[in-house]
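Accompanying notes for the structure given below.
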């Protein structure tokens, strides 16, 4: 009975966790925006523009495509920057990033796979765009800058710069300077605004991150994330229309998927006055981070510095950055347990460079930690097994009197000093650890394309021995034999045989189906997670066998 309750508790825990996070979890309440959605900061330009500049001001209300018709005909050169970590393709249009390909990661686990693209925007606009909130320079994100280089390919072996310059019709000069470090996934971005005119320039600078909307929403969050008031806000795609404006102390803003992210980290000390807006247009997600208002006096210059992080969601990498970007790795309620497990797994990997073995050793260490609770549980279950003959007699005698049956059973427990819940409760206490490891192993980038042995060449994907060309019910592609999952189901069946048989026939039937149910639940889970569960089952079988022999 206790084993039934324990397995049901775990199954229900997974079900509740999935349903709760996907359908009922309330997003944190966000502080009200200081600026309404359609409200702008009062224009700090003089009411009357100088005559020679007034003529260059574009008519209000003219469609953007007409305003930029001349600009759109200007050819925009492409420049490829290659570092040991990524290849970045820039366009002079908007001085923006069009594509980012990570050198150390591939799209698939195939030997001939292309490099992983975390940004692949095919429209004319890219990402890392800049614009002005009040359009002091209209459509700055669409104009063609001039690259201060004649090279089409730049190979980065030491610190390198790439400058783009734009001189507006209003006489304002804007320079975007990207700074590359060959050993870092962080790219510096400095925006310089030079005002040689005779009037002050007042506005707010926007920096825009863009990426294609994920085709499917899996169990792990994918989309825009903002660190607001030192609290992580992840905005589901379904909630963007309701929660698309954020104001306050914004430390960083990012667009993330399961394993990678692009993020902007402002380097000034005015986080309290920032605003972020999110909108989706033509299957492209736009995250606009607006800086605090600025006033550039005539004959002066303003510099605004950012860091762009363009890479993997790896704790080892993110912990070395500022602005608490490591908080983007979010394990939910179980973060307090999952994060140390991730550190420990990576520590083991440094000594034994195989993540499959690291998972096995991590599982054994956790099992040893809970060894006393397991001993208590299995001892109680063994005592319950010894009472089974007497319990059956009581059940037969009082099968038509439920109240009397319960009274006699409780009397039996008191006589032999057996706690009927003693075998269940110690194991239920381990459920949070199981779920924390589930979250960690499911989204740890360290397991992406990480081999174990033989046919298991990707611990982040389901294990499949052979590949079938025909459809297999309940199985996600690729279709094949889930060997590891089948073995895991067999270990659950062994555990069932070692446990006291339930007295209730309905529970006995349920017990027979539990290994099958769990096998189907795990059939599409990552191999790393199935491996953890399998090793935990084997360790539990050995521990239970030892306790049973000891107490015979």
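The values are calculated or read from the model by the stated rules, or taken from the named source; none is laboratory data. Quantities reported herein were computed from a predicted structural model and do not represent experimental measurements. Note: ideal-geometry Cβ built from the backbone for every residue, glycine included; neighbour counts use all protein chains shown.
Just need a number here: residues in the range 456-487 that are in contact (Cβ under 8 Å) with a residue 24 or more places away in the chain and over 27 Å from the mean Cα position of the chain (by Cα). Give the steps one after another, and end with the answer.
Restricting attention to the range 456-487, the residues satisfying the condition of being in contact (Cβ under 8 Å) with a residue 24 or more places away in the chain are 456-463, 474-476, 482-487.
Going one step further and asking which of them are over 27 Å from the mean Cα position of the chain (by Cα), we end up with 483, 486-487.
Here the count works out to 3.
Scan 131, 113 and give me the residue that is closer than 17 Å to residue 286 by Cβ, modelled with pLDDT of 90 or more and assigned by TED's automatic domain parsing to the domain that holds residue 302.
Among 131, 113, only 131 is closer than 17 Å to residue 286 by Cβ, modelled with pLDDT of 90 or more and assigned by TED's automatic domain parsing to the domain that holds residue 302.
Does residue 182 satisfy being part of a loop (DSSP other than H, G, I, E, B), assigned by TED's automatic domain parsing to the domain that holds residue 207 and surrounded by 15 or more Cβ atoms within 10 Å (Cβ to Cβ)? Before the answer, list the steps.
On the way: part of a loop (DSSP other than H, G, I, E, B): yes; assigned by TED's automatic domain parsing to the domain that holds residue 207: yes; surrounded by 15 or more Cβ atoms within 10 Å (Cβ to Cβ): no.
When the stated conditions are applied, residue 182 does not pass them.
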Legend entry - Only one of 310, 321, 287 that is within 22 Å of residue 450 (Cα to Cα), touching a residue at least 24 places away in the same chain (Cβ under 8 Å) and out of contact with any helix residue (DSSP H, G or I) (no Cβ under 8 Å at 6 or more places or on another chain): 310
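Where in the range 304-413 are the helices (runs of 4 or more DSSP H), entirely inside, with at least 2 residues that are not assigned by TED's automatic domain parsing to the domain that holds residue 175?
Working: elements: 315-318, 335-351, 355-369, 371-386, 388-397.
Helices (runs of 4 or more DSSP H) meeting the threshold: 335-351, 355-369, 371-386, 388-397.
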Inset, instruction - Specify the residue that is surrounded by the fewest Cβ atoms within 10 Å (Cβ to Cβ); the eligible residues are those in the range 230-240 that are part of a strand (DSSP E or B) and in contact with a strand residue (DSSP E or B) (Cβ under 8 Å, 6 or more places away or on another chain). - result: 232
Inset, instruction - Select from the range 138-178 the residues that are buried (at least 19 other Cβ atoms within 10 Å of the Cβ) and either free of Cβ contacts under 8 Å to residues at least 40 places away in the same chain or not assigned by TED's automatic domain parsing to the domain that holds residue 195 (or both) and write down the one among them that is nearest to the chain's Cα centre (by Cα). - result: 175
